[in-house]
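Asker: This structure is in structure tokens; I'll ask about it shortly.
The values are calculated or read from the model by the stated rules, or taken from the named source; none is laboratory data. None of these values were measured; they are calculated from a predicted model. Counting neighbours? That spans all protein chains shown, and the Cβs are built from the backbone with ideal geometry, glycine included.
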2 protein chains.
Amino acid sequence: MDISKLMVNTKLDSTSPYYLQIAALIRTKIIDHSMTIGEKLPAERELALLFKVSRTTAINAYRHLEKDGYVNIKNGSGTYVSDRYALENKTSNEIPWPQLLKPHIQPSMASLMSELMVSSFVEDKISLDAGMPDPSYYPIDIFSKLHRDYLGELAPRDFGHIPVQGYEPLRHTIAQMLNLEGIKCHSNEVIILSGSQQGLYLTAKVLVEPGDYVIVQTPTYLGAIQVFQALGARVLSLPQREDFSFEILEDYLARYRPKLLYCIPTFRNPNGAVINTEERKKLIQLAARYRLAILEDDPYSKYYYEDPPPMSLKSFDNYGGVVYLSTFSKTLMPGLRLGYMVAHPSLISRIILEKQYIDLHSNNISQWLLDLFIKEGYLEKHLIKMRGVYKNRRNVMADALNLGLKSKISFNIPKGGFYIWCRIIDNISSRKLLQETLKMGVSFVPGEAFYAVAGEDKDFRLCFSQHNEKVILEGISRLEKAIEKFKKGQLSIPKREVRPII
Amino acid sequence: MDISKLMVNTKLDSTSPYYLQIAALIRTKIIDHSMTIGEKLPAERELALLFKVSRTTAINAYRHLEKDGYVNIKNGSGTYVSDRYALENKTSNEIPWPQLLKPHIQPSMASLMSELMVSSFVEDKISLDAGMPDPSYYPIDIFSKLHRDYLGELAPRDFGHIPVQGYEPLRHTIAQMLNLEGIKCHSNEVIILSGSQQGLYLTAKVLVEPGDYVIVQTPTYLGAIQVFQALGARVLSLPQREDFSFEILEDYLARYRPKLLYCIPTFRNPNGAVINTEERKKLIQLAARYRLAILEDDPYSKYYYEDPPPMSLKSFDNYGGVVYLSTFSKTLMPGLRLGYMVAHPSLISRIILEKQYIDLHSNNISQWLLDLFIKEGYLEKHLIKMRGVYKNRRNVMADALNLGLKSKISFNIPKGGFYIWCRIIDNISSRKLLQETLKMGVSFVPGEAFYAVAGEDKDFRLCFSQHNEKVILEGISRLEKAIEKFKKGQLSIPKREVRPII
């Protein structure tokens, strides 16, 4: 077995030593019979390259496995899967899990993720990939203070089961907030979710049957495409244009009768695009005519760096078809695991039934703390501060790109959100560029991760929210050097290239 | 429309005034067009009966709706759905959500739940229904102390995204705990869940396709039956016997090739039954032979009141087919929203992929606090204390039943768990009995809620964990009076009987 496949959906985290994590991964595959007795494992150097760790770490991982009897290290020859574990655990009657499991629709991009991991180890890695707020600005102190100050007001039953739909005071607070933003709704039309990913999942779950058509704008958020694909939907793409692609949408509507359009109208991930007010009104009109449900995903609209963006699609909704979804993972911190959805009561009641099966209800303590945080005005203050911080980072990154890479890449300065979406002018694929930048310790997300169907691969996404200005400048300077290499023909393609699984 | 159907899956909670909640429910149905313009609503007295509230509350609900223009109250005639809202919101193009939603398999028991609500209002209601720990013993103070003492040790990234599989230190702690209990596992075989309901859902999700057979012991936990039914499984029942029904199980295995057996081997909900050690070994043998996966749900084994119960099925698992599921909702408090699962790595990897779609990962703060709670030895202390508390309550309830109802009901004293499972000796159905006890302010769960296929209805479940001894005694004394009524022929069936939806 190609050990690089191990890496699909695998990430080393910082909670335990790397060598233990690598050993555990390999051990799993041995127990799993994905690797057979006597099979040769990658050389230590290769293993190190694969996991982006030092050679010592790779050696330690193998030694740890040897100690537990999973592998034999033969000096000068290599490391082999031992028969000891297999013998000890040899039960002719081990249950064949792979046959028992339901057939699984493999979402696209799994191979890309392994590609991302094929790189040598660089100490001071700069991640311009993950779309996350900067952890050093998480308002942890305020949450602790609220916890201290208000804990006495809680009754024991507040730590018991609460309604599936969410903690009632928080639903009220969110409904109030939304009414101020032009979304007329009652707290009964709001449901609290364990992150907005759950809203995506649940909406897709109650609407999409295998073979149904779902429209997405492309490029767009990978997690949404994956959820639709996993449910067996056929995903139709609205390509990126200067204006919203109404003629294509209308053709899709007439031709395929899709149930759902997924879109991020404001500061879209990954390209920062905004649907303007006139287009929003027209979109609602068209959707109403064709009875098309719209899932409006809105994680970024609070992060505007020029004028406030247009009102949400939901605020123009006169046919009850817009499902509005947002999250506190971007505005506050992902660890809260809280998002929310506003939709027609018919949909909300059905979503409640489904959510009940999944987790009964979201976490009580997070909901209670978040409600206090918003009520005491901290959310507003936090957003004002963060708009300033991120605006500056956006400017610094855009200036650096303009200064050093003007002739090599093109991009628009986004008016909000977390990302600059770049296009390589020369004939270099973004995957190849990533292979180079990883060697220098810079990561970004290649463009194809944002398309339902892979096309020309010359785009990539840089995230400016996670690091401070100094780190951003260093990251862009390394990116510059990587692109230089291509120009000078110094490009060396790594030996272990991972090919798509076909 | 029959307003009693409003009540399906609806529960008034204590977070906002009842009249507002009732008004909101009715409002939803008006917006929803479930109620038509001009339709007459139930008389205030009927509404009060339906929601178990006072008549004043019912009047206030209607007044509130009138103020907002949803209903007209005509004195001496009744309350009617107003045309004002309908006119204002009349859009000929409202999206037809019910048609867009995927066909939904309605789990059984929905009608039973509405039945539960048909009762008049009693001030000092005693709930012997929900299977919950006593909130007054939730260890909230200790959690707060841990929060205070250790918050400084957390890094901001601990509030960001963590692995889907769960917070690594907690997985380690749980694996350690399980190894002491005879379940040999590595932290990589453990996944943290947002409550054990999520483990039920995910296991069913990756295994069960429509038409697949799933075996359950009956009576058993309603939530499991519902999850299987919602996925289109055909549920086969193993009836309750003195011993484990091996001959029936083996017939099912040969006849239907079921994929999965769901069971609660220790202090089963609802009847407290325990599969003994010999039977456990035999069950594993049989399951291994037939390649049957077993989902072992184990929420109650820590609550034993005599000798410790047999070791878990998982500890005997020599064919990798047992999925072990447990929760902290019963041992600590539901508000943590944490459970966990231990299974073969092949299953865990697939479950991780599915959980990612559902909520990315469970709540960080709960996981971090729970890890500290266990590590500092508080869990062990809490369990010792609670075993004492619940044992006493079990004894008090059993003694009271023996004293007052010996000739009317039969029951076994459970050796652990939260419930006493009673059987009515006379020819009275438990539903009818419930209608009587509700009038006196005592609720319990009628037996048919625990069967995949409704049968004879003479069982019911009493929960002794939630209330103190004094309340338990009062509850049993009211139950006694209700049963007396049947004897004396004083039974009056309420006028508004809700019939099963057929």
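Asker: Name every residue in the stretch B:145-198 that is aliphatic (A, V, I, L, M), under 26 Å from A:Thr331 (Cβ atoms) and touching a residue at least 24 places away in the same chain (Cβ under 8 Å), in order of residue number.
Answerer: Passing the criteria: B:Leu154, B:Ile162, B:Val164, B:Ile192.
Asker: Looking at the stretch B:23-58 only, could you name the residues that are away from chain A (no Cβ under 14 Å) and part of a loop (DSSP other than H, G, I, E, B)?
Answerer: Answer for the stretch B:23-58, where residues must be away from chain A (no Cβ under 14 Å) and part of a loop (DSSP other than H, G, I, E, B): B:Thr36, B:Ile37, B:Gly38, B:Glu39, B:Leu41, B:Pro42, B:Ala43, B:Lys52, B:Val53, B:Ser54.
Asker: Here's another thing I want to ask about it. Say whether the condition of being β-branched (Val, Ile, Thr), closer than 19 Å to B:Gly417 by Cβ and not in a loop (DSSP other than H, G, I, E, B) is met by at least one residue in the stretch B:259-282.
Answerer: Checked against the condition, which is being β-branched (Val, Ile, Thr), closer than 19 Å to B:Gly417 by Cβ and not in a loop (DSSP other than H, G, I, E, B), the stretch B:259-282 yields at least one hit.
Asker: Also: What is the one condition in (1) within 14 Å of another protein chain (Cβ to nearest Cβ); (2) more than 27 Å from A:Ala449 (Cβ to Cβ); (3) within 27 Å of the chain's Cα centre (by Cα) that A:Phe316 does not satisfy?
Answerer: Tallying (1) within 14 Å of another protein chain (Cβ to nearest Cβ); (2) more than 27 Å from A:Ala449 (Cβ to Cβ); (3) within 27 Å of the chain's Cα centre (by Cα), A:Phe316 fails exactly one: (3).
Asker: For a quick check of your reading: which helices (runs of 4 or more DSSP H) sit entirely within the stretch B:338-411 and have at least 1 residues that are within 14 Å of chain A (Cβ to nearest Cβ), of a type in the set (Val, Ile, Thr) and crowded, with 18+ Cβ neighbours inside 10 Å?
Answerer: It comes to B:345-359, B:364-375.
Asker: Does the stretch B:122-133 hold any residues that are surrounded by fewer than 19 Cβ atoms within 10 Å (Cβ to Cβ) and at the interface with chain A (Cβ under 9 Å from one of its Cβ atoms), and which are they?
Answerer: If the condition is that a residue be surrounded by fewer than 19 Cβ atoms within 10 Å (Cβ to Cβ) and at the interface with chain A (Cβ under 9 Å from one of its Cβ atoms), then B:Ala130, B:Met132 are the ones that fit.
Asker: Take A:Glu306 and decide whether it is surrounded by fewer than 18 Cβ atoms within 10 Å (Cβ to Cβ), in contact (Cβ under 8 Å) with a residue 24 or more places away in the chain and not assigned by TED's automatic domain parsing to the domain that holds A:Gly388.
Answerer: So A:Glu306 fits the description; yes.
Asker: Continuing with the same structure: For A:Asp317, are the conditions met, namely being among the acidic types (Asp, Glu) and farther than 23 Å from A:Arg291 by Cβ?
Answerer: No; evaluated as a whole, the condition is false for this residue.
Asker: Restricting the stretch A:283-306 to residues that are outside any loop (DSSP other than H, G, I, E, B) and not hydrophobic (A, V, I, L, M, F, W, C), which is farthest from the other protein chains (Cβ to nearest Cβ)?
Answerer: My answer is A:Tyr304.
Asker: Kindly provide the set of residues from the stretch A:137-150 that are crowded, with 17+ Cβ neighbours inside 10 Å and at the interface with chain B (Cβ under 9 Å from one of its Cβ atoms), ordered by number.
Answerer: Listed by number, the residues that qualify are A:Tyr138, A:Ile140, A:Phe143, A:His147.
Asker: Could you identify the single residue in B:Val471, B:Val453 that is of a type outside the set (Ser, Thr, Tyr) and modelled with pLDDT under 90?
Answerer: It is B:Val453.
Asker: OK, next. Answer yes if at least one residue in the stretch A:433-448 is assigned to a helix (DSSP H, G or I), under 15 Å from the mean Cα position of the chain (by Cα) and of a type outside the set (Lys, Arg), and no otherwise.
Answerer: yes
Asker: I've got another one for you. Looking at A:Leu283, A:Leu207, A:Leu202, which one is over 28 Å from B:Arg27 (Cβ atoms) and either in contact with a helix residue (DSSP H, G or I) (Cβ under 7 Å, 6 or more places away or on another chain) or assigned by TED's automatic domain parsing to the domain that holds A:Lys314 (or both)?
Answerer: That would be A:Leu283, the only listed residue that is over 28 Å from B:Arg27 (Cβ atoms) and either in contact with a helix residue (DSSP H, G or I) (Cβ under 7 Å, 6 or more places away or on another chain) or assigned by TED's automatic domain parsing to the domain that holds A:Lys314 (or both).
Asker: Of the numbered conditions (1) surrounded by 15 or more Cβ atoms within 10 Å (Cβ to Cβ); (2) within 27 Å of A:Val216 (Cα to Cα); (3) at pLDDT 90 or above, A:Glu448 satisfies every one except a single condition; which is it?
Answerer: It fails just one condition, (3).
Asker: Would you confirm whether or not the stretch A:303-324 contains a residue that is touching a strand residue (DSSP E or B) at 6+ places or on another chain (Cβ under 9 Å) and among the acidic types (Asp, Glu)?
Answerer: yes
Asker: For the stretch B:126-145, which positions are of a type in the set (A, V, I, L, M, F, W, C) and more than 20 Å from A:Leu370 (Cα to Cα)?
Answerer: B:Ile126, B:Leu128, B:Ala130, B:Met132, B:Ile142, listed by residue number.
Asker: State all residues of the stretch B:67-77 that are of a type outside the set (Phe, Trp, Tyr) and either part of a loop (DSSP other than H, G, I, E, B) or surrounded by fewer than 15 Cβ atoms within 10 Å (Cβ to Cβ) (or both); if no residue qualifies, say none.
Answerer: Of everything in the stretch B:67-77, those that are of a type outside the set (Phe, Trp, Tyr) and either part of a loop (DSSP other than H, G, I, E, B) or surrounded by fewer than 15 Cβ atoms within 10 Å (Cβ to Cβ) (or both) turn out to be B:Lys67, B:Asp68, B:Gly69, B:Lys74, B:Asn75, B:Gly76, B:Ser77.
Conditions (1) of a type in the set (Asp, Glu); (2) under 23 Å from A:Asp83 (Cβ atoms); (3) buried (at least 18 other Cβ atoms within 10 Å of the Cβ); (4) touching a Phe, Trp or Tyr at 6+ places or on another chain (Cβ under 9 Å), marked per residue:
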| site | (1), (2), (3), (4) |
| --- | --- |
| A:Tyr18 | no, no, yes, yes |
| A:Ala23 | no, yes, yes, yes |
| A:Thr28 | no, yes, yes, no |
| A:Leu41 | no, yes, yes, yes |
| A:Leu47 | no, yes, yes, yes |
| A:Leu50 | no, no, yes, no |
| A:Val53 | no, no, yes, yes |
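Asker: Give B:Ile215, B:Ile191 a once-over and let me know the one that is closer than 30 Å to A:Ala23 by Cα, surrounded by 17 or more Cβ atoms within 10 Å (Cβ to Cβ) and not charged (D, E, K, R).
Answerer: Of the residues listed, the single one that is closer than 30 Å to A:Ala23 by Cα, surrounded by 17 or more Cβ atoms within 10 Å (Cβ to Cβ) and not charged (D, E, K, R) is B:Ile191.
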